[in-house]
Amino acid sequence: MNILICPDKFKGSLSAHEAAEALAKGILNKRKKSSIQCIPLADGGEGTLEVIQQMHGGQWVSVQVNDPLFRPIEASYLWLADQKTAYIEMARASGLGLLLKKEQNPLHTSTFGTGELIRHAAEAGATSIVLTIGGSATNDAGIGMAAALGYTFLDASGVALEPIGQSLSLITEIKGTNPYPHIQFIVLSDVANPLHGTEGAAHVYAKQKGANATSIKQLDKGLINISKWLPADMPGAGAAGGLGAGAVYFLGAKLEPGAEWLLNKIHIDRAIRKADFIVTGEGKIDQQSWSGKLISNIIARTDKQLKQSILVCGVFEDPEKIPLFLDPRDVYSITDVAMNSKDAMENAAQYLTQIGEAIALKHL
């Protein structure tokens, strides 16, 4: 049997690579002659650069930049010299994970460090820059990034504003132009939210970045103000606190659905074609998994080629929402075999190996 194992990360527990290896180990324990190809996946957020490097090579370039609160840190991007392409994960410079809980407040955070990574890659000779924008600590519509690239934002008195979230509502003039019109910018996102409004960046995501109800209203007001310049309604405009829209306006970037773009980039259809069974999954499978997310994309491509999918996850919710052509009995959940959620998180690799053995015995 030819088995393709292609999971996303199990957030807070295992990377996509670790999850794939654990499943492969289990399958080989019971079916030693199986031919297994592991392709860890990502949806344009955390882990995407590692997936790109595994498939296409490249080297890491480390740069001193500003974190979301303008403190110096080292952040890296992936550089493919032969393609003159840089892959930049904004979370490495402007991510929520860089801040302590008490420091998280999108009124005060900035994407300035992400702009510094872009500037470094551009000066290194990049002709193409791919920016992944998951996991942000920011709600500044990309003005921090733009400030690092030479843009200035003025208030009604002509005073330059600090490029942070709370400045958005005060902007009356933007000075500057795209410094890199010769560079192709692609922005990868796994969300389709508009810039502002009830489904926009502030109302949907700012709370998890440390904003309270008052701050959310202030941030949304700022996003409404800057929409005088930025595209507000295109899908993904509200990604990463409005960085999606900011990248389009300030850099002429093209927004792409992260999962679909990455799957095409790594030629996943070719791998599916060679496989007899496809094992995929993520930390949590629920109703949201079927709304254009990575897993639903894999399942759709697998079904198109009349191949069988087997799903694995940490938690399986909303089984009634599973696509009609899938059998809920072909979904394997860690929580079904673990003692409790703590045990499931701490020993996820061990349980995935057990699930791999169960898959081998039932399907192979």
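The values are calculated or read from the model by the stated rules, or taken from the named source; none is laboratory data. Remember, it's a predicted structure, so these values are computed and weren't measured experimentally. Neighbour counts are summed over all protein chains in view; Cβ atoms, including those assigned to glycine, are modelled from backbone coordinates with ideal geometry. Areas reflect the complete protein model, heavy atoms only, side chains present, ligands, DNA and RNA absent. Shrake-Rupley method; radii C 1.70, N 1.55, O 1.52, S 1.80 Å.
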Contact list please: Cβ distance under 6 Å, first residue in region 295-310 and over 14 Å from Leu262 (Cβ atoms) and among the charged types (D, E, K, R), second residue modelled with pLDDT under 95 and surrounded by fewer than 16 Cβ atoms within 10 Å (Cβ to Cβ), pairs at least six apart or on different chains. Asp303/Phe325
Tell me, please, whether a residue that is under 17 Å from Leu188 (Cβ atoms) and hydroxyl-bearing (Ser, Thr, Tyr) can be found in region 54-74. no
In region 31-54, what residues are among the polar types (S, T, N, Q), touching a residue at least 40 places away in the same chain (Cβ under 8 Å) and farther than 15 Å from Asp8 by Cα? Ser34
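Listed here are the residues, each with its yes/no results for (1) assigned to a helix (DSSP H, G or I); (2) of a type in the set (S, T, N, Q); (3) in contact with a Pro (Cβ under 6 Å, 6 or more places away or on another chain).
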| residue | (1), (2), (3) |
| --- | --- |
| Ser296 | yes, yes, no |
| Thr302 | yes, yes, no |
| Leu311 | no, no, no |
| Leu326 | no, no, no |
| Tyr332 | no, no, no |
| Ala338 | no, no, no |
| Tyr351 | yes, no, no |
Looking only at region 157-185, which residues are open to solvent by 20 Å² or more (accessible area, probe 1.4 Å), outside any loop (DSSP other than H, G, I, E, B) and not charged (D, E, K, R)? Ala160, Gln166, Ser169, Leu170, Ile174, Gln184
How many residues does region 9-49 hold that are crowded, with 21+ Cβ neighbours inside 10 Å and either at positive phi or of a type in the set (Lys, Arg) (or both)? 3
Answer residue from region 309-364, given it is in contact with a Phe, Trp or Tyr (Cβ under 7 Å, 6 or more places away or on another chain) and open to solvent by 70 Å² or more (accessible area, probe 1.4 Å) and is nearest to Ser15 (Cα to Cα) among those: Val337
Single unsatisfied condition, Ala211 versus (1) more than 20 Å from Leu255 (Cα to Cα); (2) part of a loop (DSSP other than H, G, I, E, B); (3) open to solvent by 20 Å² or more (accessible area, probe 1.4 Å); (4) of a type in the set (A, V, I, L, M, F, W, C): (3)
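Mind counting the residues in region 163-192 that are under 30 Å from Asp43 (Cα atoms), of a type in the set (Val, Ile, Thr) and in contact with a strand residue (DSSP E or B) (Cβ under 7 Å, 6 or more places away or on another chain)?
Residues in region 163-192 being under 30 Å from Asp43 (Cα atoms), of a type in the set (Val, Ile, Thr) and in contact with a strand residue (DSSP E or B) (Cβ under 7 Å, 6 or more places away or on another chain): 3 in total.
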Of the conditions (1) in a loop (DSSP other than H, G, I, E, B); (2) touching a Phe, Trp or Tyr at 6+ places or on another chain (Cβ under 8 Å), Val61 fails just one. Which one is it? (1)
I need the full set of residues from region 55-69 which are open to solvent by 20 Å² or more (accessible area, probe 1.4 Å) and touching a residue at least 24 places away in the same chain (Cβ under 8 Å), in order please. Met55, His56, Gly58, Val61, Asn66, Leu69
Residue by residue through region 39-53, note down the ones that are touching a His at 6+ places or on another chain (Cβ under 9 Å), under 13 Å from His267 (Cα atoms) and outside any loop (DSSP other than H, G, I, E, B). Val51
Result of the Cβ filter at 6 Å on region 70-95, keeping first residues that are acidic (Asp, Glu) and partners that are not in a strand (DSSP E or B), at least 6 apart or interchain, is Glu89/Leu49
Cβ-Cβ under 7 Å, sequence separation 6+ or interchain: first residue in region 1-30 and within 10 Å of Gly281 (Cβ to Cβ), partner among the aromatic types (Phe, Trp, Tyr) and open to solvent by less than 40 Å² (accessible area, probe 1.4 Å). Which pairs? Ala19/Phe10
Against the condition assigned to a loop (DSSP other than H, G, I, E, B) and surrounded by fewer than 23 Cβ atoms within 10 Å (Cβ to Cβ), how does Asp233 come out, does it pass? yes
Could you count how many residues in region 248-292 are open to solvent by 10 Å² or more (accessible area, probe 1.4 Å) and either of a type in the set (Lys, Arg) or in a strand (DSSP E or B) (or both)? 12
Cβ-Cβ under 8 Å pairs, at least 6 apart or on other chains, region 185-207 side without any contact (Cβ under 8 Å) to a residue 60 or more places away in the chain, far side hydroxyl-bearing (Ser, Thr, Tyr) and not in a loop (DSSP other than H, G, I, E, B): Asn193/Tyr205
